[in-house]
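Input: a single structure, listed below in structure tokens.
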Amino acid sequence: MNLPDDWETDSIHVDGVSLQYYRTGEGPPLVMAHGFTDNGRCWEPLVEDLAADYDVVTYDARAHGLSDAPETGYGPRDRVADLVGLLDALDLSNPILLGHSMGGSTVALAAAMHPDLPRAVVLEDPACMLDIPESGPDERANEVRNAVREWSEKGVDTIADEYRDERPDLARRLAVARTECRPAIAEITRAGFGAAAEIFPDITAPALVLKADADPETRADHLDTASTLADGRLVHVPGAGHCIFRDQYDAGLAELRAFLRRV
């Protein structure tokens, strides 16, 4: 997939693993960590809106996009080490960290483990706040491996056609991301994403949590969890599903900009 003209891309190495990153814009650093089965290029619409004010960096997680897919290293702390290694390699200090789903959990745990690292964090429906599937880790891993094999067999054009009616503006970008996934991503589901109740109390940086819309009881549970953040705000975005910046882009962007002005 072609990159926008103003994006640059290269790779860095963290503990011998090559991670592909993408960079554009000027200003203070803002680093984005994508969700499971996505890649760093899936952030393109949001990057384009923020690049006038920030030095925006996205990257492909292990076994996603153009990054390496080692046999091991797929636990939450491994993903944190990759993120911190990227920041070190690019000499990014006091960054704002933004993550979706899997990436949201990575950002949250990074902020908890390294409280002096981020200027602020934004968590888009982080996986550490999602319900744990009833299936066991082996079953979940097998389901993911089967899905990756099916995506490889279908190819980009077929998958893009499947997305086109629902998300015509994103269809090809999402299809490319799926076909670039390697079977090793199954180990991510086996390792899990951590639990917000254990992670949030250790986050001291200002935090914005954007959550999918939910019923009143679920909203109350989410707000209770977010109340353990030292300086945090949780917003349920009306009408949004798991991907806030795909389902309700304008509402999500408005909340994000308001938070960024404060930090």
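The values are calculated or read from the model by the stated rules, or taken from the named source; none is laboratory data. Note that the structure is a prediction, hence the values are computed from the model and not measured. No Cβ is skipped: glycine too gets one built from the backbone with ideal geometry, and neighbour counts run over all protein chains shown. Just the protein is used for accessible areas: all its heavy atoms, side chains included, with ligands, DNA and RNA removed. Shrake-Rupley method; radii C 1.70, N 1.55, O 1.52, S 1.80 Å.
Scanning segment 205-228 for residues that are hydroxyl-bearing (Ser, Thr, Tyr) and either within 18 Å of Pro133 (Cα to Cα) or crowded, with 16+ Cβ neighbours inside 10 Å (or both) yields Thr218, Thr225. Residue count for segment 149-179, restricted to those that are farther than 19 Å from Asp60 by Cβ and not in a helix (DSSP H, G or I): 6. Filter segment 7-42 down to residues that are charged (D, E, K, R) and modelled with pLDDT of 95 or more and give me whichever is farthest from Glu187 (Cα to Cα). So, considering only residues that are charged (D, E, K, R) and modelled with pLDDT of 95 or more, the one farthest from Glu187 (Cα to Cα) is Glu26. Under the condition of being at positive phi and over 12 Å from the mean Cα position of the chain (by Cα), which residue from segment 75-119 is least open to solvent (accessible area, probe 1.4 Å)? Of everything passing the filter in segment 75-119, Asn94 is least open to solvent (accessible area, probe 1.4 Å).
Any chance you could count how many residues in segment 60-74 are open to solvent by 10 Å² or more (accessible area, probe 1.4 Å) and of a type outside the set (Lys, Arg)? Within segment 60-74, residues that are open to solvent by 10 Å² or more (accessible area, probe 1.4 Å) and of a type outside the set (Lys, Arg) number 9. Residue pairs whose Cβ atoms lie under 8 Å apart, sitting 6 or more positions apart in sequence or on different chains, and linking a residue in segment 194-207 that is within 14 Å of His222 (Cβ to Cβ) and part of a strand (DSSP E or B) to a partner that is at pLDDT 95 or above and open to solvent by 10 Å² or more (accessible area, probe 1.4 Å), are Ala207/Leu229; Ala207/Asp231; Ala207/Gly232; Ala207/Arg233.
Run down Val176, Val122 and say which single residue is modelled with pLDDT of 95 or more, crowded, with 16+ Cβ neighbours inside 10 Å, out of contact with any Lys or Arg (no Cβ under 8 Å at 6 or more places or on another chain) and on the phi < 0 side of the Ramachandran plot.
Details: Val176 fails: out of contact with any Lys or Arg (no Cβ under 8 Å at 6 or more places or on another chain).
Unique residue meeting the criteria: Val122.
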